[in-house]
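Notes to accompany the following structure.
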Amino acid sequence: FSSFMKLDKIKRFEILSHTADLKIRVFGKTKEELFLNAMLAMIECLRPDFKHPETNVEQEITVKSTDSTTLLADFLNEVLYLIQANKEVYSRVSFDMFTDKEITAKLSGQKIEAFGEDIKAATYHGLEVLQKEDDSWEATVLFDI
């Protein structure tokens, strides 16, 4: 599963030290890539158990929020809901619409057997989405586990 995490030489995310929860810092050349990498990091931290890697699944989502920072948490929580409700994980996102307040996207992935870890939710606590001087993006997300 980690193979798609190494598609290029740019670091996609890192796990940060936190006492009780899971905290990650995510990177992307674009805001869309940042959201994708945040989703992939969350899925990697769930440690999915693949029993049927040949299955292909697709889901469509629409997420609306007040700004791009809360949109990231709302996007991750919507994806997390689908992951848990359907026992699926997603490795690709195709954004049909991506603004600071709304996302419409197709998720593609596969069925899984179980998870090695549990994530309850992406929180708004300490949530940050920043555009850096080189126009790349960085976010810090805290997950309730």
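The values are calculated or read from the model by the stated rules, or taken from the named source; none is laboratory data. Since we're looking at a predicted model, the values are computed, not measured. Protein only, heavy atoms only, side chains kept; ligands, DNA and RNA dropped before computing areas. Shrake-Rupley method; radii C 1.70, N 1.55, O 1.52, S 1.80 Å.
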Practice prompt. Please report, largest first and rounded to whole Å, the three semi-axes of the ellipsoid equivalent to the chain, where each semi-axis is the square root of five times an eigenvalue of the C-alpha gyration tensor.
Written response: 22, 17, 16
Item to complete: Choose one answer from 120, 132, 101: the residue with the largest mean-square fluctuation in a GNM of the chain with alpha-carbon springs under 10 Å.
Response: 132
Worksheet item: In the structure shown, do any of 31/106; 11/51; 29/120 have a Cα-Cα gap over 20 Å, and if so which?
Response: 11/51; 29/120
Worksheet, complete the sentence: Over region 52-107, with neighbouring protein chains present, the accessible area per residue in Å² at probe 1.4 Å is 51
Item to complete: Would you calculate, for the chain, the mean residue ellipticity at 222 nm contributed by helices, counting each DSSP H stretch of 4 or more residues as -39,500 (n - 2.57) and dividing by all residues, to the nearest 500?
Response: -8000 deg cm²/dmol
Discussion item. In whole percent, and with a 1.4 Å probe on the protein chains, what portion of the accessible area of the chain is carbon and sulfur?
Written reply: 48
Response to the item:
The aspartates and glutamates whose Cα lies under 19 Å from the Cα of residue 101, excluding any fewer than 8 residues away in the same chain, are 32, 33, 60, 67, 74, 78, 128, 138
Worksheet item: Tell me, what is the percent relative contact order of the chain, built from C-alpha pairs under 8 Å that lie six or more residues apart?
Response: 30
Practice prompt. Sort 66, 30, 104 from largest to smallest accessible area, using a 1.4 Å probe on the heavy atoms of the protein chains.
Written response: 66, 30, 104
